[in-house]
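Novice: Below is one structure. I have some questions about it.
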Amino acid sequence: MEDLKISVTARRKLLVQMYYRYLLASSSLEYIKQDILDETQAQLDEATATIANDINEKLEELITNVEEHLSNDWKWERLPALIGAIFVVGTYEIKYTDTPKPVTINEMVKFTKELEPDFDYKFVNAVLDKIRKI
């Protein structure tokens, strides 16, 4: 298998799409783990697969982090699955990578505008900004 190389932006978008699919289907952690393994053989480069597996290992913690920073009017279950995926990937990147936090937040806001244009991107910005400050 040749090692694929993808841009950081493409990797983020792919991870958001993967976790959107998992959250939409309420997939179990074991299912996600197997799907990532299957995807690795088809289209994921090694770095993306590693990050996806790490997100999977930390998924409950990442969701809890997001829940703690939602306003009282919002609950995780109320969020559209795509916004949940954006929060999961954004929170992971903020907490566990060296990527400058504003870069991550800007990219997640851009994805929100692009993929879920009717959703308030300022909400995504505010929640990720709160997470950035911890």
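Novice: How many percent of the accessible area of the chain is carbon or sulfur, using a 1.4 Å probe?
Specialist: Ligands and nucleic acids excluded, carbon and sulfur reach 50 percent.
Novice: Compute the distance in nm between two label points, each set 7 Å from the Cα along the Cα-to-Cβ direction, one at Thr64 and one at Arg78.
Specialist: Here the modelled spin labels are 2.3 nm apart.
Novice: Let me ask another. On the full set of protein chains, 1.4 Å probe, figure out the accessible area of Tyr20 and give it in Å² to the nearest 10.
Specialist: 80 Å²
Novice: Still on this structure: Once you charge only the Cβ atoms, +1 for Lys and Arg and -1 for Asp and Glu, what is the size of the charge dipole of the chain about its Cα centre, to the nearest 20 debye? Kindly include the intermediate steps, with their values, before the conclusion.
Specialist: On the way: 17 positive and 24 negative charges, 114 e Å.
Using Cβ point charges on Lys, Arg, Asp and Glu, the chain gives about 540 debye.
Novice: For the chain, find the longest principal axis of its Cα atoms and tell me its angle to the long axis of helix 8-24, 0 to 90°, nearest 10.
Specialist: Approximately 80 degrees, to the nearest ten.
Novice: Give me the log10 of I(q) over I(0) for the chain at q = 0.20 Å⁻¹, as the Debye formula computes it from C-alpha points; what are the numbers?
Specialist: -1.21
Novice: Taking the chain as the reference, fit the longest principal axis to its C-alpha atoms, fit the long axis of helix 46-68 to the helix C-alpha atoms, and give the angle between the two in degrees, 0 to 90, nearest 10.
Specialist: Taking the Cα atoms of the chain, the angle to 46-68 is about 20 degrees.
Novice: Once the other residues with Cβ under 13 Å from the Cβ of Pro80 are scored (Lys, Arg +1; Asp, Glu -1), what is the net sum? All intermediate terms of the calculation are to be shown ahead of the outcome.
Specialist: Numbers: positive: Lys75, Arg78; negative: Glu77, Glu116, Asp118, Asp120.
Summing Lys and Arg as +1 and Asp and Glu as -1 gives -2.
Novice: Name the residue, out of Asp54, Asp35, Asp98, whose mean-square fluctuation peaks in a Gaussian network model built on the chain with Cα pairs under 10 Å.
Specialist: Judging by the Gaussian network model, the answer is Asp98.
Novice: Let me ask something else about it. If the elastic network links every pair of Cα atoms under 10 Å, which of Phe123, Phe87, Phe111 fluctuates the most in the Gaussian network model of the chain?
Specialist: Taking springs between Cα atoms under 10 Å, the residue moving most is Phe123.
Novice: Mind checking the angle between helix 29-42 and the chain's longest principal axis? C-alpha axes, 0 to 90 degrees, to the nearest 10.
Specialist: With both axes taken from Cα atoms, the answer is about 50 degrees.
Novice: Still on this structure, I have one more. Tell me the accessible surface of Ser28 in square angstrom (1.4 angstrom probe, heavy atoms of protein chains only), to the nearest ten.
Specialist: About 60 Å², rounded to the nearest 10.
Novice: Let me ask something additional. Out of Ile32, Pro80, Val109, whose Cα points farthest toward the positive end of the dipole of the chain (charges: +1 Lys, Arg; -1 Asp, Glu; placed on Cβ)?
Specialist: With unit charges placed on the Cβ atoms, the residue in question is Val109.
Novice: Going through the cross-link list Lys33/Lys122; Lys58/Lys122; Lys101/Lys122; Lys33/Lys75; Lys13/Lys113; Lys110/Lys133, which pairs have a Cα-Cα distance over 23 Å in this structure?
Specialist: Details: Lys33/Lys122 32 Å; Lys58/Lys122 25 Å; Lys101/Lys122 16 Å; Lys33/Lys75 26 Å; Lys13/Lys113 13 Å; Lys110/Lys133 20 Å.
From the list (Lys33/Lys122; Lys58/Lys122; Lys101/Lys122; Lys33/Lys75; Lys13/Lys113; Lys110/Lys133), the Cα-Cα distance tops 23 Å for Lys33/Lys122; Lys58/Lys122; Lys33/Lys75.
The values are calculated or read from the model by the stated rules, or taken from the named source; none is laboratory data. None of the values given here were measured: they were computed from a predicted structure. Every residue, glycine as well, gets a Cβ built from its backbone with ideal geometry; the counts of neighbours run over all protein chains shown. Ligands, DNA and RNA are excluded from the accessible area calculation, which covers all protein heavy atoms including side chains. Shrake-Rupley method; radii C 1.70, N 1.55, O 1.52, S 1.80 Å.
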